[in-house]
Each structure stands twice: as structure tokens, then as C-alpha cells.
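Peer 1: Before we start, here is the structure in question, set down as C-alpha cells.
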Amino acid sequence: MALRQSVFQEVCMPQSMRFGLILLLLAGLFAALTPAWAQEVTAGIVGTVVDPSGAPIKDATVTATDSERGTVWTVKTNDSGTYNILRVPVGNYTVKVVAPGFQTAVHPAFTLVLNQTARVDVAMKMGQVSESVEVTGDTPALQTESTQVSTLIDSNTVTSVPLAGRNYLQLALLAPGTTNNNPEGIRNPQNLDNSSRPFINGNREQANQYFLDGQLNSEDKNNETAYTPSVDAVQEFNVITQNASAEFGNYEGGVVSVSIKSGTNNFHGSLFEFLRNDALDANKPSNGWSRGVLGQENIPGQIVPGHAADGTIVKPEFRYNEFGATFGGPIVKNKVFFFVDYQGLRDVNAGATGAQLLTQRMRTGDFGQLCQTGFTAGICNDRDSTGKVINQLVDPENGNQPFLSNLIPSTRISPVVNNLITQFPKLYPVPQIDTANGNNFFFNSGSQIFTDQGDLKIDYNASNKDHVFGRWSQMHLRNPAFSGCLLCAAGSAQGADQPIRNAVVDWTHTFNPHLLNEARIGFNAVRFDQNLVQTSPLGNIGEQLGITNANFEAPGLLNIQIAGNGQGAEASLGQLNLVQIFHSTQGQFIDNLIMTHGRHSIKTGFQFVRLRQDWEYNGNNGALGSLTVTTDSGSGLADFYLGRASAGGLRDTDITPTVFGDRGNIYAAYVQDDWRVTDTLTLNLGVRFEDHTPLWEVHDRVVNFGLFSGTIYTPDGRDGTARFGNRALYNNYLGVGDWEPRFGFAWSPAALGGKTVIRGGYAISAFFEGGGANEQLSINPPFGIIQQTSAGGVGGNTGGLAAGYSAPATCTTIDFTCYQGKRIRIIDQNLRPALTRQWNFTIQRQLGNTVTAQVGYVGQKGSHLLNFQDLQQLIGLNAAGKVAKPGELIVNRVPGPFIGGGNPSTNPPTTLYEAGGILGANMSNADQRYDALQAVLQKRMGNGLQGQVAYTYSKCLSNSPGYFGTGWGSTNATSSGGQPGWQNIYNPRADWGPCFYDQTHVFTSYVTYQLPVGRGRQFGRDLNPALGAVIGNWEIGGIISAHTGNALTLNQFGGWSNGNGDPSNTRGIGAGFLSERPSCPGRVHVVKKRVNATPTSTAYIQWFNPGDVLNAAPDTFGTCSVGNIRGPNYADVDLSLHKDFRITEGKTLQFRFEALNAFNHPVWTFSGGPSGGSFDTGSFVPDPQNPCGYGTAAGPCPTSLNGSSANSSNPNFGNITGSQSARSLQFGLKFIF
């Protein structure tokens, strides 16, 4: 009963909704009276003007002049002598102060960076205004006005440091508190399909917010980064990692801001090209692990594509060519400026590929080639080590009688295979090598990236009071795949088309020196279209082959899984065709007001964001699905010939492919007061209200279910269902969590000479994470996914492959029978945004004009994080009648309270809970905690040297990584897979442990140094031109990154069926979602043992001891805790060398050489999953030949195992099986003018 009275109440909240509506109306009225202010895209200058005695000077005129554009910003000091020049573009500025009776004071030029509020205090001297005196003092470097924790990278660094893929997001990893678990993913050119993002201060990579010139820049259905500007177009890059002011919202991790360059009073530009080629790259260390393995050598008579003669895997073909140009200048000097850029990318990744096709003899029914040593009386002479006959075919349809001499009567050929070899001989050709052992047909396959992108930015100084800029950015990324064998599954891939648009117009108007208004409107539109495979142009080829219903949803050849004969043989055909269409648009309007009054700088504002998400997703098994050919005859190839298929089908598909349209809004209003209490103490006081309306579908194509009652909800109550309170079918959260206070202080003790700032802050922020497509309510029947399987099981002319799929069917009436026993999607009716509490205490010290050091404590606690939960699970009770903890024997199981409740053994079922389907729910019930010591030493540009060193010592803990999880154990990852849910939904505390991206120590550093030798530099100013061209004008740079290993979590994959492989017998699907864990009686020892290759197996690194892990005992949950093993450390050094050849004054030719992973340090990776990966202990069912575990003697098993299997039935368990990111050399040439 207590469980039923949990926080998951599903009642509608009309009173709360009315209260929220009132709040929004008040916020709108407030914004109309006091226009708003939102995301910083510029910077500011503040200070105090005093006379020689220290008394404030009122009405002094302060003028800031943009050195590059001639723009002038003028204000007057108030009664307290303070001034504020806010909302000015980043750039180089001089400050001049004029007051009657005093000499004119001029502060020398300094650089103003993104989101910076620079303090320039001026002490005036008595004299005539006509007299000028240069004010001495350090260049503003300390952060004295704000308590946010941030890192800024300027344009010089952006273009000088070596960036693999020239992806600006890699720069985010230079900030303390940021990390990544897939180095190769973030070092590649941005691609919505396979790129990764930074994890900031212990938050998920999906939890960051991205801005481009103040315009939102995210794909919000899957939380991806949208437009990626060319690094040559970036003016500055800033990442706020914590305690952002109240104008920032909808973030949990960091706020990543990029500004595009603007034109100046002089024409400037560049032409550039960067080249990479596999001929210049090193091979991955793990590619040598197959050296000496029999069957891996690429030698005459044994072709092994992608391998050398000694068995080493060769580097794939790689061609990388990035080129472009930038150009900017005045249209009207001091008035109108332009900046334009273009960048193109041509990237090819390809390699030799092999497949196994039916030989010419097999096509007539003669499979004698399978037998290696001939036949005696029609029986194959081949024997295994025990003397058992092998490679002998039998007839599964005639009592397994042998096919003598492996001859199958040609009359038994499947009509599918017959059509394949007779009607499509060019698509399924005769093999190049007449062998039945291993691959026999060879071709080239791979993928390409074609990207064209650019920006156009116009700045217009309409008057001294009006400044306008507009920017248009667009990118079109095409990622086609190609293959020399269209029907072969080997080497096949699915491309995508990704056009992106981002635009913004910003108008700033100054009413008077103390009141400024800004209005901004813009949009961000992202398209991701992936709906074709390499066989799509062939039309309905599956049905042409004779496979029933093979193309009822999409053209192309379905995936036919065929077990090949021989090592590495790839006999499968076709593809699933995973359809993913996401068209996401964010329209944004902001109106900003900034007021200064006395020592207060007040910002207040309103923000409106319109969310438009058009999408189609037909499930993880694609639009074509798959059929699995049996091996009943003793050979997958022979069963293919016979047309035998036993499994597969369209587990998930959409009977009527539909593009759904979700819509929603974000409303926000806030006020921020930066109050300079004294000359040394500033308080940041703010509060933000932010409401995320639920996403509704434009045509009401959604179905939800009462979390406890199981009531079927629809927007309109059709078919007798319950009508919900709104079209989204879950409530709009309006509560305390919508109010986000921000507080901070910055104190510069006078006793420390103004060289030290002590800062502290506390903030609350909210974030609504997109949960992807597969768990959306539109996926529920009758609008979305249905479930069906193939007929399979027999061959001949009517069954097996020819039978294909059963006729598509779906429910016509929304009622209980429509969902009985089905996989359904649920959203908690009280789903709410995640809430994050952030706090920090930092000390920053200026060590010189350009050097600062900072150290601080950063903490964060997150609650209500998005989580996936399988509601059909029973409650497992121990002997005391309490919820069983891991390892405790479950003696009783009682029904849970969800989806109507009841007893699952009821027959016939009366509730969805009793019906036994997979009940997946989107919940906001996960938690996170992060604590860190963060230190950074920064050197701004001076004497040609610029750099930063950052160190983080941290601990990240959580009980869920979100629905996106850890990539399902994807191949070549440096972290473990799975855990997108709880092993036991009634004991979430048992899943509390280190985040999968938790890295205890993280060190990053970058440096650029213009060597002081050459014409115009410190040494060799008057060098002979020829000599100077050789030894002068060199610049070196580099990025160093290192961290300790990720936290690894073990899993036991039991399969996708409901309850399959669940040792607790609680009907959970944790085994299918990789959140089921084995048992660890004690510590799991990390052994780091290199195991060399043998003639029959490749080398690997045994990372941890599999013998320390047991399968969970029957009727228990596994005892291995989350993150109980640490992965390998990571280290990388990227180096760059630039040489400038000065052609004439203002024209330079620059040669660039970059070594990425210069020392070829291995980045060790684990094999993927979900089944057979490095962290999968294997099946729960003991192998009859190894009842006590893989590699152990035959039973009986030790009684200490309580009937579970020791070690693993998976030979990859515990092993590092590969590496990524080998050394790559990049050459570049730039013409700068």
C-alpha cells in the first residue's frame, strides 16, 4: 500500500495549472513594462572614477572605443562615481575619461572577451581637460563582477592549437570539470549520427545548452549539438561550467557559447586547406594483435581483406580534405561591416571487405566443398578432435538423414534463392574464389562525408544609440555509404542527410547612459534524414525475390542473417533500414533591459522559445527487419539454399510510416542585480522563472497510460478511453522547481592589493532532457509501432524465407486488447524537469599582467533526472518480508502497484500489468551528485605566449545515466555499456555508484608560443630576408590531455524477451537493457595482463579477472555494484608547428603541421554489446559442456556457487579488445591578408 502512495500521483492539477497561467501572464506583463535580457553574447566594462582624494566624481564622461571598428560607446558616472558600459561587442577597446577640472585619462587598449565584465577604475588628476595622461594599471584579467565558473578561448587559440577534425567542441575539454568517454567521437568532425559531447561537472552529455551569437544551437529531440562553425570563423568560445547568472536557463551541465567574427574597418580574410591521409598515419596498436593467427594472413590462396600477409590488420583508406575562406571588412567605414566565410569538407573512409556467397557448385545443390577430406560412402571424412563427424549435411525435414556427398536435390532449392541467382546475377555474383571455407567475394566499402557550410554576418551602427547585427549560418552534411556488393551485409552502412540553419537578428538601443534595451529574434533548424539503405534504389527487391511482406513498409532488401562457413565468413545479406527522421526547430524571441542605478546594475527580461519537432522512427529493428536462417542441416549456407528461417521479423515497425509533429513552448522571466556593495565587494542576486510546457502532438496521435491505474488516456477520449487534462497526456509542471534563485559574491580584499578575488555562489537550474524517439507516446499502437515475427521454421516453397512476415496487423480500436502483452510506452503523468543545485567557492589571484591562478571547490546535486523504468517488475521480498537487497534470497514475489496492478498469474488478464507486456516508462526520479577540486593557471597572450593548465580532482555519483545510457556498450568505447534503468525498480539505492564517465583525476593543458625570432620580433628584427624566411616567424602549440580510468559496470545480457535471463525471477527486463548485474563475492582485481596471440586466437589485454565474478544465484539480484572496476588511464599529446612567410605587409602565407596523438599513445577500448561484450558475463543458463562456467571442468559445480555458473560463457568477458585514435598527421596551408 505504501508503494501506491508514492510521489507518482497521476491526478491532473487544474489549480496548479491556473496558478502557472497567472504567473505567465504576470511575467508577460512584466516583460512588456520592462523589456527583458537573456543570454550574454557580448561583454561589458564597468568601473569607478574618483578624484585624487578618492572621492567619487559625478557626471564624468566615459568613452569606450572599439579599436577595430571605430564604434564609440559613451556613458556618464553617477552619484557614486560608477559607470557601466554594457552590451558591447567583444574586441579591443580603449577607455577615455573626461571631467571638468581634471586631466583627460586614457586607459591603454585591452581585449574584452565573451561574457566578461571588465573593471577599469580610474583615479583622475587635477589639470586641464586638454591635457591627457595615460592611466597605468594591469589589463583587466580578474573576474571581479561575477561568480560564474567559466573558461574562455579566444580566436587566436581556436585557430592555433591542433584540433582533430577542427571541431570546436574539443575546446570545451580544456575547461576544468569537463571530460569525455569517447575521445575519437569528439575529435572527429561534428556529425549528428556519431559525435560525442563533453560531460560537464558530472552531468550527462545531453544536459548542456549551446548558443551561437546568443541563439539556441541544439537539436533538442536527442540533445545533440546543432551547427558547428568553422574554427576560422570563431571570434571566441566560452563555456560556463557552473553558477551562470539568472539570464541563462534550461541547462544542467554547462552553457557553451560561441561568437562569430565581425568585420572591421580594414579588409581581412584568409584562404585555407587542411589535408590528412592514411599514408601519413600510424596503425592502431591493437591492429597487430592478429599477427600470426591462422586464417588472418592475406596470402595467395587465402584472401583476407584488410589484412597483411602476416595477419596484421592494415589501416583503412582515409582521405580528409578541409578547405575554405573567410573575408570581412567595411561596407561603410565606422558604420556597416560584413563578415563571410565558407568551409567544405571531403572525408572518405573505406577498406577492403569480404563476403561469403554461394559458390557455382552450391547453386546447383552441390555442397561437397564443405567437406575438406572427401567422402566415404557419401559420408564426409572430416572429424573433430573427439572423432565426431563434421561438415556433413543432414536433411532436417526428413529425420536428419544425411545428404549423401552433401548433395541437395536441386528441386529443394528455395524459390527465394532461385530468384536471387537467376534474376539478379549481377547483384549476387559468382564468387571470385571457388572456396566454401571463409569469404570468397571481395570488394571495397565505406562511407563519405561531404559538408558545405558558411556564415554571413552584418553589423550596423545606425547611430550612437542604435546597433544592429544579423547573422545567417547554414550547413549541409551528406554522409553516403557505398559498397561493391549492394546485397551483402558485410561492409554495409546507412548514410544520412543533415542540413542545418541558424539565424539571428539583434538590435541594441541606448535610451540614455543608464538605460539600454536589446531585442533579439532568431531560429535554429536541424534536419536529420536517415531512411535509405544501399539497396533502397532497387525497389521492392525483397518481394521480387519471393519473400512475403518483405517491403510492406520500405523498399530494399531486408536483413537475412546467415551463419557463414569458416573463420570470419560473412554470408548475411541486406540491412534493417533503421529509419530516423528528425526535423527540430527552435524559434527564439528575447527582449532585454539593462538599467544602472547607483551601485546596481539590474538586468531583467523575458524569453520565449517555440519548439517544433517533426520526427519519424520505426523502432530499433528498422523498416525492413530481419530473418535468421537456421543451421539445422549443419550449414547456414545449406539452410539458406533450402530457405529455412526460424526467427527474426519486424519486432518493431510502423505499419503506416508517419511523421509525427510535437510542439511545445518555453517561457522564462528573470531579474538579476549585480550590486557593487563596496569598491571591493560585489553581490550577484537573481531569480529566474522557467516553464516548459508539455510537448503535444499536432494531430493528437498519442496514447498514455495511468501510471498506477492503467487507465488508457487519449487527448479526445476516443473509443471510450479517458480524456486527459491536456493534449500532451502528462501534466505541465508548475511548482517550486520552476523558480531558480541565483546568488553569489565576489570580494577583492584591499589588503591583498586588489590582486585577489574570493568568490562564492549558489544556483538552481532546471533542464528538460529529450528522451529520444523510441519511448515517445506516439510510438504506441495504433499510431506507431506494432510487433510481429516471421513464420519461419520450415523451408520449401511456402515456408521459411518465402513465408517472410505475417500480414501486418494493428488494432483499430484503442482498448485493452490493443495493448495486451505488447511493448508499450508510458510517460509519468507528473514528469518534470531535472533540478540541479550548484555551489562553488573559488579564489583567483592575478600573478602579472597576463597570468591568473584559480583554485576552488565545485559541488552539485541533481534530482528528478530523466530515467527509464520497467514497470512490469514484481516486488521481490526476502525472508523478513522486505524488498530484497542484492544477494538476498527472494522467497516471495508480490505484484507491483503499476499500470492497474493485479496478479500476473491471472488468466485471462484483466489489467495491462497482468497481461505481461514490456511496460517502459519515462520517469523523472533519478539522482546525481558531483564534488570536485578544480584548479586552473591561465596565461593570456603576452610576448607571443598564451596557454592554460587545468586540473580536476572529482567524484561523480548517480543511480542512472538516462535513457541514452552509455551507448549500449558500443564497440570501441572506453567505458562500459548499459544501465539505462534500475536492476530492481523498488531499490534504486542499489544502483547508486560512480557515473560511467567518472574520472578521478583529469589534467588538460594547451599552449601557443610565437617564437621571438624573425622580422618584427624580439630577436632578429633586421635579419637578412633569406635567413629570416628560414629561421623566423615560427609558432608552436599543443594540447595535453590525461585522465584516470572510467568507472566500469558489469552486466548480464539475457536477451530482449520479457524476463529472459532474469535470475531474480521478478519479471524484470534488466537483463535486456544491460542493467542486470552479476555477483561479486569480493573485490574484482584489475590484472592488466597482455595475452599474446596464438595460431587460433588473437591477442588481447585481460583487464580484470573474470574469476572474481559469478553469475547471480537463482532467486537473487546480482551483488556487483555500479562502477566497481576502473578502466585504463588515458593520455594524449597533440602538437602543432606553424611557419609564417610574410609576403608583403599584411599578407602572410602560413604553413601548418599538426601531429594528433603525436606519440601514438594507445587509447584502449572494450568490445561492444549488448551480447558478447567485454562486460557481459554471458547467459544465465549454464552451458551444458561447461556447467560451472567458461573454461572450467565439467560439474558438479562447487556448492558455494548456489547453482550459478562461475566465470563466464563469454570469452570476451574482462578483456580489452581494441584501441582507437592512432597518430594522425595533418598538413595545412593558409593565406592570411
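Peer 1: Just wondering, is there one or more residues in the range 772-786 that are surrounded by fewer than 19 Cβ atoms within 10 Å (Cβ to Cβ), at pLDDT 90 or above and within 28 Å of Tyr733 (Cβ to Cβ)?
Peer 2: Scanning the range 772-786 turns up no residue that is surrounded by fewer than 19 Cβ atoms within 10 Å (Cβ to Cβ), at pLDDT 90 or above and within 28 Å of Tyr733 (Cβ to Cβ).
Peer 1: Can you find even one residue in the range 302-316 that is touching a helix residue (DSSP H, G or I) at 6+ places or on another chain (Cβ under 8 Å) and among the charged types (D, E, K, R)?
Peer 2: yes
Every residue, every condition in (1) in a strand (DSSP E or B); (2) of a type in the set (A, V, I, L, M); (3) in contact with an Asp or Glu (Cβ under 9 Å, 6 or more places away or on another chain), yes or no:
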| site | (1), (2), (3) |
| --- | --- |
| Phe327 | yes, no, yes |
| Ile331 | yes, yes, no |
| Phe339 | yes, no, yes |
| Leu345 | yes, yes, yes |
| Thr353 | yes, no, yes |
| Gln360 | no, no, yes |
| Gln369 | no, no, yes |
| Gln392 | no, no, yes |
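Peer 1: I'm told Glu740 meets every condition in (1) closer than 20 Å to Ile240 by Cα; (2) in contact with a helix residue (DSSP H, G or I) (Cβ under 8 Å, 6 or more places away or on another chain); (3) acidic (Asp, Glu) except one. Can you identify the failing condition by its number?
Peer 2: Going through (1) closer than 20 Å to Ile240 by Cα; (2) in contact with a helix residue (DSSP H, G or I) (Cβ under 8 Å, 6 or more places away or on another chain); (3) acidic (Asp, Glu) one by one, Glu740 breaks only (2).
Peer 1: If you don't mind, there's one more thing I want to ask. Select from the range 825-843 the residues that are part of a strand (DSSP E or B) and out of contact with any His (no Cβ under 6 Å at 6 or more places or on another chain) and list them in ascending order.
Peer 2: Arg825, Ile826, Ile827, Thr836, Arg837, Gln838, Trp839, Asn840, Phe841, Thr842, Ile843
Peer 1: Sticking with this structure for a sec: Can you tell me which residue is farthest from Thr147 (Cα to Cα) among those in the range 240-266 that are under 17 Å from the mean Cα position of the chain (by Cα) and among the β-branched types (Val, Ile, Thr)?
Peer 2: Val256
Peer 1: Right, here's the next one. With respect to Gly1203, is the statement that it is of a type in the set (Gly, Ala, Ser), modelled with pLDDT of 60 or more and either in a loop (DSSP other than H, G, I, E, B) or within 36 Å of the chain's Cα centre (by Cα) (or both) true?
Peer 2: no
Peer 1: Name every residue in the range 451-467 that is modelled with pLDDT of 95 or more and either under 17 Å from Thr535 (Cα atoms) or out of contact with any His (no Cβ under 8 Å at 6 or more places or on another chain) (or both), in order of residue number.
Peer 2: Hits for the range 451-467 are Gly454, Asp455, Leu456, Lys457, Ile458.
Peer 1: Take the residues in the range 1130-1150 that are surrounded by fewer than 20 Cβ atoms within 10 Å (Cβ to Cβ) and touching a His at 6+ places or on another chain (Cβ under 7 Å); name whichever of them is nearest to Gly1032 (Cα to Cα).
Peer 2: Gln1150
Peer 1: In the range 1076-1091, what residues are of a type outside the set (Lys, Arg), in contact (Cβ under 8 Å) with a residue 60 or more places away in the chain and not in a strand (DSSP E or B)?
Peer 2: Glu1076, Pro1078
Peer 1: With the condition kept exactly as written, say whether any residue in the range 222-232 is under 28 Å from Pro480 (Cβ atoms) and in a strand (DSSP E or B).
Peer 2: Keep residues of the range 222-232 that are under 28 Å from Pro480 (Cβ atoms), which gives 222-232.
Then drop every residue that is not in a strand (DSSP E or B), which leaves 224-225.
Checked the range 222-232: at least one residue is under 28 Å from Pro480 (Cβ atoms) and in a strand (DSSP E or B).
Peer 1: Scan (1) surrounded by fewer than 18 Cβ atoms within 10 Å (Cβ to Cβ); (2) at pLDDT 95 or above; (3) not small (Gly, Ala, Ser) for the single condition Leu515 breaks and write down its number.
Peer 2: Condition not satisfied by Leu515: (2).
Peer 1: Based on this model, can you work out whether Phe996 counts as in the same structural domain as Leu1050 (by TED's automatic domain parsing) and either assigned to a strand (DSSP E or B) or of a type in the set (D, E, K, R) (or both)?
Peer 2: Working: in the same structural domain as Leu1050 (by TED's automatic domain parsing): yes; either assigned to a strand (DSSP E or B) or of a type in the set (D, E, K, R) (or both): no.
No, not satisfied.
Peer 1: Does Thr1116 qualify as being farther than 28 Å from Thr179 by Cβ, modelled with pLDDT of 90 or more, in contact with a strand residue (DSSP E or B) (Cβ under 8 Å, 6 or more places away or on another chain) and part of a loop (DSSP other than H, G, I, E, B)?
Peer 2: yes
Peer 1: Out of the residues in the range 1072-1091 meeting the condition of being surrounded by 13 or more Cβ atoms within 10 Å (Cβ to Cβ) and of a type outside the set (A, V, I, L, M, F, W, C), tell me which one is farthest from Asp1062 (Cα to Cα).
Peer 2: So the residue we want is Lys1089.
Peer 1: Out of all the residues in the range 466-484, is one or more farther than 30 Å from Thr61 by Cβ and not in a strand (DSSP E or B)? Write out each step before concluding.
Peer 2: As a first pass, look at the range 466-484 and keep what is farther than 30 Å from Thr61 by Cβ: 470-484.
Right, trim to not in a strand (DSSP E or B) and you get 480, 484.
Yes, some residue in the range 466-484 is farther than 30 Å from Thr61 by Cβ and not in a strand (DSSP E or B).
Peer 1: For residues that are in contact with a Lys or Arg (Cβ under 8 Å, 6 or more places away or on another chain) and more than 30 Å from Leu173 (Cβ to Cβ), tally how many sit in the range 990-1013.
Peer 2: Qualifying residue count, the range 990-1013: 1.
Peer 1: Pick from Val430, Val416, Val526: which is of a type in the set (A, V, I, L, M, F, W, C) and closer than 27 Å to Tyr227 by Cα?
Peer 2: Step by step, each of Val430, Val416, Val526 is checked, and only Val526 is of a type in the set (A, V, I, L, M, F, W, C) and closer than 27 Å to Tyr227 by Cα.
Peer 1: Please tell me if Gly900 is more than 20 Å from Ser960 (Cα to Cα) and in contact with a Leu (Cβ under 9 Å, 6 or more places away or on another chain).
Peer 2: Yes, satisfied.
Peer 1: Report yes if some residue within the range 291-304 is aliphatic (A, V, I, L, M), assigned to a loop (DSSP other than H, G, I, E, B) and in contact with an Asp or Glu (Cβ under 7 Å, 6 or more places away or on another chain); otherwise report no.
Peer 2: Of the residues in the range 291-304, the ones aliphatic (A, V, I, L, M) are 293-294, 299, 303-304.
With assigned to a loop (DSSP other than H, G, I, E, B) added as a condition, the list becomes 293-294, 303-304.
Checking the rest, the ones that are also in contact with an Asp or Glu (Cβ under 7 Å, 6 or more places away or on another chain) come to 304.
Yes: one or more hits.
The values are calculated or read from the model by the stated rules, or taken from the named source; none is laboratory data. Fair warning: this is a prediction, and the values are worked out from it, not measured in the lab. Note: ideal-geometry Cβ built from the backbone for every residue, glycine included; neighbour counts use all protein chains shown.
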